[in-house]
1. State the answer as a single residue: which of L178, V159, A205 lies farthest towards the positive end of the charge dipole of the range 82-215, with beta carbon charges of +1 for Lys and Arg and -1 for Asp and Glu, about the Cα centre.
2. Determine the sum of side-chain charges near L178: Lys and Arg each +1, Asp and Glu each -1, restricted to other residues whose C-beta is under 13 angstrom from that of L178.
3. Cross-link candidates for K186: which aspartates and glutamates have Cα within less than 18 Å, leaving aside residues fewer than 8 places away along the same chain?
4. Using mean Cβ contacts within 10 Å as the protection proxy, how do 158-170, 123-135 order, highest first?
5. Explain nothing, just the number: relative contact order of the chain, from Cα pairs under 8 Å at least 6 residues apart, as a whole percent.
6. Running a GNM on the chain with Cα contacts under 10 Å, which residue among L116, L17, L57 ends up with the highest mean-square fluctuation?
7. Among L111, G256, S53, which residue has its Cα furthest toward the positive end of the charge dipole of the chain, with +1 on Lys/Arg Cβ and -1 on Asp/Glu Cβ?
8. Based solely on its DSSP helices, what 222 nm [θ] is calculated for the chain when runs of n ≥ 4 H residues each add -39,500 (n - 2.57) and the sum is averaged over all residues, nearest 500 deg cm²/dmol?
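Coordinate-derived values only; no laboratory data. Remember, predicted model here, so these are calculated numbers, not experimental data. Here Cβ is always computed from backbone atoms with ideal geometry, including for glycine, and neighbour counts include all displayed protein chains.
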Amino acid sequence: MDQFARFLTPVVSPFFLLWAWIAAVTIYLARKGFSTRRSLALLAIPVVLLAVSSTPLASHFALATLEWRYPRRSERPPTTQAIVVLSGGARPANSWRPTTELSADTMVRCLAAARLYHSAAPCPVVASGGPIKYDTAQTTLAAAMRRFLIELRVAEEDVWLEPRSTNTYQNAAYCRSLLSEHDIDKILLVTQASHLPRAVACFRAQGMKVVPAGCDFRSTTLHWEWTTFLPSAANAHELKQACREWVGLLWYRLTGRI
């Protein structure tokens, strides 16, 4: 039953069913001659591109162009003066959710930062993240991250807050301002592996000496099986994330931020 469910799940997903429906209509129109070849090509091309770009194969190599630049780091270099962990997202407090909840990407970054903190002598850990949109409690991401880091046994006095930034460029600028007050310029930068190229470039543009420490690598292993070539919404989302980072890199370069 487990094997059958594993086979059936990607096939019955709404994304795949809708894609298959469009493909079937395209083939039907081609066979019945209900349209010109040119109009059929205009319909078929985006269908094929959508299918190919939404496969694990496409998302794997799209993320790899970003993630393979920096290897996984399990220990903290002895020259590190501070660890900087960048925020991802959070679910704001409301009537159903009494406290702010960190999103999965922020949690995995904090976990990686805590692990690196415990790998050597204590050092400052800067939690960087500004206001959370729609949060009735008016909590910042930095404050929410601080609570989680302390739960991970990072000493309370070692957690510093940068609570103003709302994007990667501001992460770098405000962290540099905070750390320069303590004559710190050598940092270990923790964020998602796919986010590292843009984040590292921003911090280095601020004059900081950065050692990249990526987490949540998603392009480590590609399993060659039939689902490798099956389109899904999850892989389309991962491709979107890779495209977002490449657009962000281009935009930051054009605007002189990196």
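1. Highest projection toward the positive end goes to A205.
2. -2
3. E75, D158, E162
4. Ranked by mean Cβ neighbours within 10 Å, highest first: 123-135, 158-170.
5. Details: 411 pairs, mean separation 64.6, N = 258.
Value for the chain: 25 percent.
6. L17
7. S53
8. On the way: 9 runs with 129 residues, N = 258.
For the chain, the value works out to -16000 deg cm²/dmol.
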